[in-house]
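Student: Submitted below is the structure of interest, expressed as structure tokens.
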Amino acid sequence: MFTILLQKVKVSKFNFYLRDNNAIAETPIQLFISYNNTRIKYPTSKRINPKYWNKVNQSARSIKEFPQAKLLNATLRSIRETAESVLLKLELELERPPTKIELINGLNRALKFNVEENQSVVKKGFIESMDELIKESVSGRRLDDSGKRLNKRTISMYLTTQKRLLEFNQMYPITFENIDQNFYSQFLSFLNDKGYTPNTVGKHIQILKTFLSYATEKGYNSNLYFKSRKFKAFKEPGFSIYLNIDELNSLKDIDLSKEPHLERVRDLFLVGCWTGLRFSDFTSIKKENIDDKLLKIKTFKTGERVVIPILPTVRDILDKYEGVYDGPLPPAISNQKMNSYLKQIAKRSELLNTPIKQEKIKGGKKIEESYMKWELVTTHTARRSFATNMYKSGFPTLSIMKITGHQTESAFLLYIKVTSEENATRLLEHWENIILNNVNH
């Protein structure tokens, strides 16, 4: 264990940089530490005029005009050695790389700095830090885990949660120090009183935890209660449907020749139902994505390359529109408009005019709502229908996951819509096939 952790520290980097290389007066010297894909900037309390600084050696220049160079360099060496020692000690004690705040706290204890810069950072409160995170997200300075700018939908969710927190702040002033179990319970009650579903409440808690993680990494917050298991972001499987093969065929058989706008939407939807692609992908298929009997496409959401067989329904639709548009399929419309048209189409299918009851939690209370199945058809129904129908057909789960992009089988099984009865029937058929094969052999 010691050898492994020591190797981790060896690949860590400790470098000194000036805050402003172009300053005409003294500027702070900062220690940059990189380890385990983590990077922190730590103030040293030392300052120097850039004209006396050697960028290459990251040290003060030993010249007559700057007699303090020797003492300053010795101090910087001591700071670097202490920082290396603190990181190694924390890795040994924790048996893992420390978080940013753990390392910063360790450096503060070891170096005993009372740095003015650190003091000003700690004074930033919860509301201010939340505002700072959103500004950085909007400007593009804050990136996601893959190094890309945060998308508009994520920023929109940040803004919605910020609005709820600012409302809550009027009745329960929020500080980093008072974010505890009582705060959590009160905030849950506040959200439930608005009639939100558990998933909406959970999303607000999840984003709140994002705000607090940001503040912790910045050094504004040292209260880690939000990492407790009791500070839970709720998530329950959403209520959604899939269309079985008979239902898909019923949509395919509807005569929409006199309503070409609906016909195009129906055909695009069926492409999604037989490829398992998301709306953003099945509406963006280009000629170069089609390779004889295969569809090869790089997905928009994850950037993964998937290869999908072109099944008969998809082939029929491709043949139908060949040469009609610049691309192989009709041009896309907005997701919202397509969902509206899909409901108009689905309503015409006798098989989809069946009632469905849904039990759900809203505002902390269990309620039951009733819908006609056609009312629940959306563009995402296509992808879920593909996954469920392929699973029910006996196609290997891992092979389906290669197309849908699910990382674990448990996540995939939660995603598909197979009832207990359907699952039992599938198992029975599988067992009967095994017996039949043994008899034949």
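Student: For segment 57-83, how many residues meet the condition of being in contact with a helix residue (DSSP H, G or I) (Cβ under 7 Å, 6 or more places away or on another chain) and under 19 Å from PRO43 (Cβ atoms)?
Tutor: 5
Student: Return the total of residues in segment 286-314 being part of a loop (DSSP other than H, G, I, E, B) and closer than 26 Å to ASP246 by Cβ.
Tutor: 3
Student: Moving to a separate point now. Quick one: count up the residues across segment 240-279 that are within 18 Å of GLU375 (Cα to Cα), assigned to a loop (DSSP other than H, G, I, E, B) and not hydrophobic (A, V, I, L, M, F, W, C).
Tutor: Looking only at that region, the number is 3.
Student: Which one is nearest to LYS194 (Cα to Cα), of the residues in segment 320-375 that are modelled with pLDDT of 90 or more and assigned to a strand (DSSP E or B)?
Tutor: Looking at residues that are modelled with pLDDT of 90 or more and assigned to a strand (DSSP E or B), I get MET372.
Student: May I pose another question? Which of the numbered conditions does SER410 fail, given that it passes all the others? Conditions: (1) within 29 Å of the chain's Cα centre (by Cα); (2) among the small types (Gly, Ala, Ser); (3) modelled with pLDDT of 90 or more.
Tutor: (3)
Student: Considering only residues of segment 179-220 that are among the aliphatic types (A, V, I, L, M) and touching a residue at least 24 places away in the same chain (Cβ under 8 Å), which is nearest to ARG164 (Cα to Cα)?
Tutor: Of segment 179-220, the ones among the aliphatic types (A, V, I, L, M) are 179, 188, 191, 201, 205, 207-208, 212, 215.
If we keep only those that are touching a residue at least 24 places away in the same chain (Cβ under 8 Å) too, we end up with 179, 191, 201, 205, 207-208, 212, 215.
Working: ILE179: 16, LEU191: 8, VAL201: 11, ILE205: 11, ILE207: 11, LEU208: 10, LEU212: 15, ALA215: 18 Å.
The extreme case among them is LEU191.
Student: Does at least one position in segment 75-95 carry a residue that is modelled with pLDDT under 80 and more than 19 Å from THR38 (Cα to Cα)? Before you say what the answer is, go through the steps one by one.
Tutor: As a first pass, look at segment 75-95 and keep what is modelled with pLDDT under 80: none.
No, there is no match, as no residue in segment 75-95 is modelled with pLDDT under 80 and more than 19 Å from THR38 (Cα to Cα).
Student: For segment 5-64, what are the residues that are within 12 Å of LEU76 (Cβ to Cβ), small (Gly, Ala, Ser) and modelled with pLDDT of 90 or more?
Tutor: Listed by number, the residues that qualify are SER59, ALA60.
Student: Right, something else. Can you pull out every residue in segment 156-204 that is of a type outside the set (Phe, Trp, Tyr), assigned to a helix (DSSP H, G or I), surrounded by 17 or more Cβ atoms within 10 Å (Cβ to Cβ) and over 23 Å from the mean Cα position of the chain (by Cα)?
Tutor: ASN192 - this is the single residue of segment 156-204 that is of a type outside the set (Phe, Trp, Tyr), assigned to a helix (DSSP H, G or I), surrounded by 17 or more Cβ atoms within 10 Å (Cβ to Cβ) and over 23 Å from the mean Cα position of the chain (by Cα).
Student: From the residues in segment 107-135 that are acidic (Asp, Glu) and at pLDDT 65 or above, which one is surrounded by the fewest Cβ atoms within 10 Å (Cβ to Cβ)?
Tutor: Keep residues of segment 107-135 that are acidic (Asp, Glu), which gives 116-117, 128, 131-132.
Subsequent filtering for residues that are at pLDDT 65 or above retains 128, 131-132.
Numbers: GLU128: 12, ASP131: 15, GLU132: 17.
That would be GLU128.
Student: Right, here's the next one. Among the residues of segment 52-69, what is the count of those that are closer than 11 Å to PHE16 by Cα and in a loop (DSSP other than H, G, I, E, B)?
Tutor: Taking segment 52-69 and keeping what is closer than 11 Å to PHE16 by Cα, we get 53-60.
Add one more test, that the residue is in a loop (DSSP other than H, G, I, E, B), and what stays is 55-58.
So the count comes out to 4.
Student: So which residues in segment 211-236 are touching a Gly at 6+ places or on another chain (Cβ under 6 Å) and either at pLDDT below 85 or crowded, with 20+ Cβ neighbours inside 10 Å (or both)?
Tutor: Of all residues in segment 211-236, those touching a Gly at 6+ places or on another chain (Cβ under 6 Å) come to 233-235.
Within segment 211-236, PHE234, LYS235 qualify.
The values are calculated or read from the model by the stated rules, or taken from the named source; none is laboratory data. Note that the structure is predicted; figures quoted are calculated from it, not measured. In this analysis, Cβ positions are derived from the backbone assuming ideal geometry, glycine residues included, and neighbour counts consider all displayed protein chains.
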